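The values are calculated or read from the model by the stated rules, or taken from the named source; none is laboratory data. These figures come from a predicted structure and were not determined experimentally. Cβ coordinates were reconstructed from backbone atoms using ideal geometry, including for glycine residues, and neighbour counts include every protein chain displayed.
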Number of protein chains: 4
Amino acid sequence: MSLRERYFSIRDRTLAICKPLSIEDHLMQPIMDVSPPKWHLAHTTWFFESFILNKYVEGYVVFDERFPFYFNSYYQSMGERQERDKRGLLTRPTTEKIYAYREYVDEHMSELLKTPSDVISGLVEIGLNHEQQHQELLLTDIKYSLYSQPFHPVYSAEPLIQDARALPSESKEWISIPEGTYQIGHDEDGFAFDNECKRHTVYLHKYSISSSPITNGEFIEFIESGGYSQFQHWHDEGWAWVNRENAQLPLYWEKQGDAYMHFTLRGLEPVDPNAILQHVNYYEAAAYAAWRGGRLPTEAEWEVASEHFSWGDVWEWTNSAYLPYPGYQKPEGAIGEYNGKFMINQMVLRGASIATSPNHSRHTYRNFFHPHLQWQFSGMRLVKDETQKL
Amino acid sequence: MSLRERYFSIRDRTLAICKPLSIEDHLMQPIMDVSPPKWHLAHTTWFFESFILNKYVEGYVVFDERFPFYFNSYYQSMGERQERDKRGLLTRPTTEKIYAYREYVDEHMSELLKTPSDVISGLVEIGLNHEQQHQELLLTDIKYSLYSQPFHPVYSAEPLIQDARALPSESKEWISIPEGTYQIGHDEDGFAFDNECKRHTVYLHKYSISSSPITNGEFIEFIESGGYSQFQHWHDEGWAWVNRENAQLPLYWEKQGDAYMHFTLRGLEPVDPNAILQHVNYYEAAAYAAWRGGRLPTEAEWEVASEHFSWGDVWEWTNSAYLPYPGYQKPEGAIGEYNGKFMINQMVLRGASIATSPNHSRHTYRNFFHPHLQWQFSGMRLVKDETQKL
Amino acid sequence: MSLRERYFSIRDRTLAICKPLSIEDHLMQPIMDVSPPKWHLAHTTWFFESFILNKYVEGYVVFDERFPFYFNSYYQSMGERQERDKRGLLTRPTTEKIYAYREYVDEHMSELLKTPSDVISGLVEIGLNHEQQHQELLLTDIKYSLYSQPFHPVYSAEPLIQDARALPSESKEWISIPEGTYQIGHDEDGFAFDNECKRHTVYLHKYSISSSPITNGEFIEFIESGGYSQFQHWHDEGWAWVNRENAQLPLYWEKQGDAYMHFTLRGLEPVDPNAILQHVNYYEAAAYAAWRGGRLPTEAEWEVASEHFSWGDVWEWTNSAYLPYPGYQKPEGAIGEYNGKFMINQMVLRGASIATSPNHSRHTYRNFFHPHLQWQFSGMRLVKDETQKL
Amino acid sequence: MSLRERYFSIRDRTLAICKPLSIEDHLMQPIMDVSPPKWHLAHTTWFFESFILNKYVEGYVVFDERFPFYFNSYYQSMGERQERDKRGLLTRPTTEKIYAYREYVDEHMSELLKTPSDVISGLVEIGLNHEQQHQELLLTDIKYSLYSQPFHPVYSAEPLIQDARALPSESKEWISIPEGTYQIGHDEDGFAFDNECKRHTVYLHKYSISSSPITNGEFIEFIESGGYSQFQHWHDEGWAWVNRENAQLPLYWEKQGDAYMHFTLRGLEPVDPNAILQHVNYYEAAAYAAWRGGRLPTEAEWEVASEHFSWGDVWEWTNSAYLPYPGYQKPEGAIGEYNGKFMINQMVLRGASIATSPNHSRHTYRNFFHPHLQWQFSGMRLVKDETQKL
């Protein structure tokens, strides 16, 4: 597929994700962490306009000079912007105008992509990966925003993405990795974000890692053994979170009599005990691991072992803080704000989820979120010591 | 005009107010005090459905049984409801569905209003006055919500309501009222809210009241003499408000060089010094009066004098707290929650404003708001002692 | 008693109130509304130093030039000061130094009071009344602060003030007051605060007022009939307060099995059902009245009837907002900040309480607090309509 | 020195630290992160009573059964406790009683320490290291609390601890460490906290580390080049901190004309440009490093290099998150709450400071704080890449 074909294929997927939404749904922002679909649609477009068209196409006329204020996310170098927690208040520009903005930019990109230079190809690649990240955010944000409303409206009877995979319980194995030095990080073949670089050596001690992530059924054991009411499994800040939020179940779960239900993009459905667990935060993942007697892998342990197991169903919390790799260099200019400045107080997740866009995953990918956040499709797999029986 | 004709005439005005809005604009709620237009449209309709159709029309089928949860404002006796500060999050039901709801209820009301009983006529009268109150709120809320957005979008080049009236400065006179007993309150001819009753005797001391409200030009003198930075004119809580908000001008005002501009429903326009001042809160009104050497009237003083001056341009802050009249009785049932339970921590405003619906004003009307609120069309007129020159 | 004798008699009472406290207790400030005993001791002294010694005694040397910053309460005209909610952080100056400050000022005052001018006598009178107000606050603040601590330490086995009076239940009568004009307010014989002036005419409608305040036993009927869980008795903001605080009992009350206990200055004791109710806020007082089918008196009704009943056991919430009387004039200068600037969002209480200093009560006295506050010795008496049986 | 001698020597140092304080100063708690001296005095004592006397001395009678509620810090397994941010409200028990508590426990410990078993020796060792940690906290908390007060009272003209060391500027060298595997962590000779274990292998890439920490003069260059107003040096959360706090200087610094002054335990003094920088948080340390073109070391880099430079003047922020070492095991019981549950959202500091107690430092020690906190004696040293000139 040519870059131009990939461009339109990816851009179309964004539209497909928003198709089931009403015009009003494009404005949903129940909490700061979530952005309105309208904003995602425009922000990803602004990225192409600001970093490519505006810089490299002579005589390009911006669609609307107020849009950078509306749709810049967090790039200090790109000027002032709408406060993040107030994106949902922007009823203007209208949704209709935002779809027109997408068309306008796509037309200009279409022209440019007929004979793109290397520099432009590189930037387009970043822009497409950026849009794919927002595609996953669109799905997680829509799910959260609909759930926040009374009576939990349904996104679609046939959502674009598949369900969490069910695992035959007998399939779990422990994969043993010997002590020694290993290489992790991106090796510069194909696209990667700056935070995956440089590829470097790490020293790992012997460990055993599970061949599959935790299932709903396994987590229900934690719930039913009183896991949410026993401080000893939790980090101190995790325990504070449990008490502040009165947490008793993963996000989107409800108990109806003895049955566990959870909200999906299709509405409320029974929890399948064999399906892979989703929507726990780092505190829950770590508490589960402690309760079970194991621990979460570090991101290096995860990456090294990832050739030996299947992954991609759910983002997997690791016990690694999001910090720069040895030799990491922040790029010059606004693109330098993409990753580096967030390297504090967040934990790394590895893998990919059912909501991750096609062709947007690799085993060196470093996702990262604050430890209290549950709204991503996030679960975990365990590591155990030699002698443990989990 | 028959009650049925009045019903449709008033209901139509609500639609006319919302006509210039985009679908998205129907969701605007930048602060708790302001409700989304969508919500006003549905809430006023729910009032007719819940208090009339549902109770008096046999076999009436509610449009949607979830609507009471969505659109009950504050009636504890009518059950649980959406939190007030989260009305703007309700993207569902869609705006389209809400307009359908209005049609559905109007059809049933149309039938009922062909031969209304006295009880129903009484309730319809309350429902129509209630809708008129929300018409003014729609205008004040839309103005506030548009102003809250970047670049201050315009409501309409030809808004439904006229501008603040300009006053020839020579026209101001002091009207002197002699000491003695007077009657105030509603005398039970024609519609009134329960808080205007009972008509009763008050004793007033001699006072002089201005024949016209304060103009922008008069308030500019306060601004330019440093009124917003001199504690001595302010209530203690008013001074705290000034400092917390860094208040320097009335709401919607901006200074461009030496010129005062203000946001109107037509967009940003120069302030006319002869026009009647709007959008000050009680603290500002009281500070202005103290700075000028006068005071605000009590509501009794206002009502007694109101036969001697013209009013209706702007809601006028009084120095009376919103409290029950002698002999006030809260009605039975949900309607009893309309007024009485708000009689604490609010100040009374008298008169009416340019945004008040036609035929919805009378000199016994008691409007009330918390003292820090500016978003109503609110100003004031002064009272002075015998010997003062203001 | 000469003014000089009164001065020392009143100043001594302040010391007597603080006598049972440990040095550390002098620092207690669990909430903003409450001030540390140390601060009361110094602030009342600063009042004499700043408004009298510093202005009228030639060559007077202030005890410490930093004290005005520490001990000015809210007088904007007297300069910057310590934030109110951070008075408890002032470990310096030490308690010892503050007692020395009192001695230093008292010595200078002693000299001055041998031959005081009329101006000075007037200011001393204000200063002594001011100190008496703080004596009551000292008692209410100490009670609150001790109760806020784990295990509720006792103030004293023999506190300076007597218990709430017990009332024989048969003693209650309804006193009927005929419709007509009455005079209220201070008539300028003897000391009064500016807010009690001017004496003026009011018009009252016929009412009946109880000869005694509500007792604990009467309030227990309200509690046990579910009063705290029935919205219909409450103001909207009162109901929000009930839910926010999970209010179920008056302040300082606890239920042990079936028994009602309450914290007193002597520690936890059983509630005497015949004793006069204390420590309810305006919301509770108004809800009780509504539940019982009566209402609170206005302050004019209270004052006019007060010659016909005994009062002084408990501050009685009225249904009057704290607003200026007709003809009220704020004094010039810093003393003008004493009362006028607080005339918003507060309700008037009348009478006096067991904690009020001797000779500091009169039937024109206007006390005032925000409606949610319970920590004063506050209760109420009821008014009823002609035809009601309460 | 015998364990018994060490016990009394360390316990005495705690008293010496508190000696310059007034009784009231023992109550200071201006912010949650800081505890009152009184509380430190009692909490360290409670540690010996609860974990040793109460468990191992037959017939031991606790000094006061309410003390565990007052003085338990965060041990969930030891029961309910006073909220951390309200320790300063505890005027009871009095300071005098707390000193009596120390004597009571010391007497019993004295007896026990004549012939301590191995188990007891081990627990006493933890208790003494625990007390030494609180000795440093006492000094940092007292400094912060005095500074929070108006007019910044002085702790002592001759404080127990020395000043920050001045460095000759020519003395700075870059120490180069070759790539390869290294061992870090505690090797189980002598006392260490659980978080320093197990000793394990790490792989380091080549780096150069400065022989000395950053000085005030070096940091002034950052300040004067506009470092606090240029977003590009800062983490996103760091930049938010700068703006929220309007940060412009390290904690305790003030600018008087052109001169930099800072608050010390002796009061306000001029900043010595050659002295080692103190009281910056992680955000400031990282921003300085980025501005200078270098970076902070990881804790492994710091520990490996620490044999080649002098340290101990200031806690040095590293770029490592506080996470468990490979093979880390949380101890059983309450002691297991000492470290592990805090391993989230905090950054590691290495070394020791002028406020660290004698004999309480080692190069494997892992100190940790949230990235926004400045009140510890905290600075940093830089690492640079091969080719950089810093």
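What the table below lists for this structure:
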quantity	calculated
Sole residue being touching a residue at least 40 places away in the same chain (Cβ under 8 Å) and either within 14 Å of chain A (Cβ to nearest Cβ) or in contact with a Leu (Cβ under 8 Å, 6 or more places away or on another chain) (or both), chosen from D:H186, D:H233	D:H233
Search result, residues across segment C:265-290 that are surrounded by 18 or more Cβ atoms within 10 Å (Cβ to Cβ), over 17 Å from C:S212 (Cα atoms) and not aliphatic (A, V, I, L, M)	C:N281, C:Y282, C:Y283, C:E284
Candidate set from segment B:54-83 (those that are farther than 15 Å from B:T44 by Cα and of a type in the set (S, T, N, Q)); member that is nearest to the other protein chains (Cβ to nearest Cβ)	B:Q76
Residue match in segment C:98-116 (condition: within 26 Å of the chain's Cα centre (by Cα) and within 14 Å of chain D (Cβ to nearest Cβ))	yes
Test for C:K86: is it within 14 Å of chain D (Cβ to nearest Cβ) and either within 25 Å of the chain's Cα centre (by Cα) or hydrophobic (A, V, I, L, M, F, W, C) (or both)	yes
Criterion violated by C:Q248 - all others in (1) surrounded by fewer than 18 Cβ atoms within 10 Å (Cβ to Cβ); (2) in contact with a helix residue (DSSP H, G or I) (Cβ under 6 Å, 6 or more places away or on another chain); (3) assigned to a helix (DSSP H, G or I) satisfied	(3)
Residue among D:S77, D:S121, D:S110 that alone is modelled with pLDDT under 95, surrounded by fewer than 17 Cβ atoms within 10 Å (Cβ to Cβ) and part of a helix (DSSP H, G or I)	D:S77
Neighbours by Cβ (under 7 Å, 6+ apart or cross-chain): first from segment D:109-125, of a type in the set (A, V, I, L, M); second exposed (fewer than 15 other Cβ atoms within 10 Å of the Cβ)	D:L113/D:L3; D:I120/D:Y56; D:V124/D:L3
Boolean, D:L390 is of a type outside the set (D, E), touching a Gly at 6+ places or on another chain (Cβ under 6 Å) and at pLDDT 95 or above	no
Residue list for segment C:165-197, restricted to those being surrounded by 16 or more Cβ atoms within 10 Å (Cβ to Cβ) and part of a loop (DSSP other than H, G, I, E, B)	C:R165, C:L167, C:K172, C:G185, C:H186, C:A192, C:F193, C:C197
Qualifying residue in segment D:165-175 (condition: outside the structural domain of D:I10 (by TED's automatic domain parsing) and within 30 Å of D:Y325 (Cα to Cα))	yes
Hits in segment C:160-196 (condition: closer than 17 Å to B:Y203 by Cβ and either touching a Gly at 6+ places or on another chain (Cβ under 8 Å) or among the polar types (S, T, N, Q) (or both))	C:T181, C:Q183
Top-ranked residue in segment B:311-333 [being modelled with pLDDT under 95 and surrounded by fewer than 16 Cβ atoms within 10 Å (Cβ to Cβ); ranked as farthest from the other protein chains (Cβ to nearest Cβ)]	B:P331
Output for segment A:1-24, where each listed residue is over 21 Å from A:E111 (Cα atoms) and assigned to a helix (DSSP H, G or I)	A:A16, A:I17, A:C18, A:E24
Subset of segment B:124-164 that is of a type in the set (S, T, Y) and assigned to a helix (DSSP H, G or I) - its residue that is nearest to B:E254 (Cα to Cα)	B:Y147
Wholly within segment C:253-371, strands (runs of 3 or more DSSP E) carrying at least 1 residues that are of a type in the set (F, W, Y) and farther than 27 Å from C:P20 by Cβ	C:315-321, C:367-369
Subset of segment C:198-230 (residues that are in a loop (DSSP other than H, G, I, E, B), within 12 Å of chain B (Cβ to nearest Cβ) and closer than 30 Å to C:F263 by Cβ)	C:Q230
Among residues of segment C:25-40, those that are within 14 Å of chain D (Cβ to nearest Cβ), assigned to a helix (DSSP H, G or I) and within 18 Å of C:L265 (Cβ to Cβ), counted	3
Qualifying residue in segment A:148-164 (condition: without any contact (Cβ under 8 Å) to a residue 60 or more places away in the chain, within 14 Å of chain D (Cβ to nearest Cβ) and surrounded by fewer than 18 Cβ atoms within 10 Å (Cβ to Cβ))	no
Per-region count, segment C:41-74, residues part of a loop (DSSP other than H, G, I, E, B), hydrophobic (A, V, I, L, M, F, W, C), without any contact (Cβ under 8 Å) to a residue 40 or more places away in the chain and touching a helix residue (DSSP H, G or I) at 6+ places or on another chain (Cβ under 9 Å)	1
Long-range neighbours under 8 Å by Cβ, at least six apart or interchain, first residue without any contact (Cβ under 8 Å) to a residue 60 or more places away in the chain within segment D:10-35, second of a type in the set (S, T, N, Q)	D:S22/C:T91; D:S22/C:T94; D:E24/C:T91; D:E24/C:T94; D:E24/C:T95
Residue count, segment D:203-231 (criterion: polar (S, T, N, Q) and either at pLDDT below 95 or closer than 22 Å to D:K143 by Cβ (or both))	2
